[in-house]
1. Out of segment 4-16, which residues are over 16 Å from Glu44 (Cβ atoms) and surrounded by 14 or more Cβ atoms within 10 Å (Cβ to Cβ)?
2. Could you tell me which numbered condition Asp41 fails, if it satisfies all but one of (1) in contact (Cβ under 8 Å) with a residue 24 or more places away in the chain; (2) not in a loop (DSSP other than H, G, I, E, B)?
3. Just to be sure, is Asp55 part of a loop (DSSP other than H, G, I, E, B), open to solvent by 70 Å² or more (accessible area, probe 1.4 Å) and modelled with pLDDT of 95 or more?
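The values are calculated or read from the model by the stated rules, or taken from the named source; none is laboratory data. Quick caveat: nothing in here was measured; it's all calculated off a predicted structure. Cβ atoms come from the backbone with ideal geometry, glycine included; neighbour counts cover every protein chain shown. What goes into the accessible areas is simple: the full protein's heavy atoms, side chains included, and nothing from ligands, DNA or RNA. Shrake-Rupley method; radii C 1.70, N 1.55, O 1.52, S 1.80 Å.
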Amino acid sequence: MKRYQCGACDYIYDPKIGDEENGIAPGTAFEDLPEEWTCPDCGEPKESFEVLEDD
């Protein structure tokens, strides 16, 4: 699964980790996040995230 980075604050959503503080279990793909999910660090919407290319 791909990781995504917030364009506003550089937070990285890693599906292996999820976002348990906001009810997102580990193993949840970015595409499967609820539409209302926002960046846990700055509050930007999903549309502000871009896929990270693997190094």
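1. Asp14, Pro15
2. So Asp41 meets the others, but not (2).
3. no
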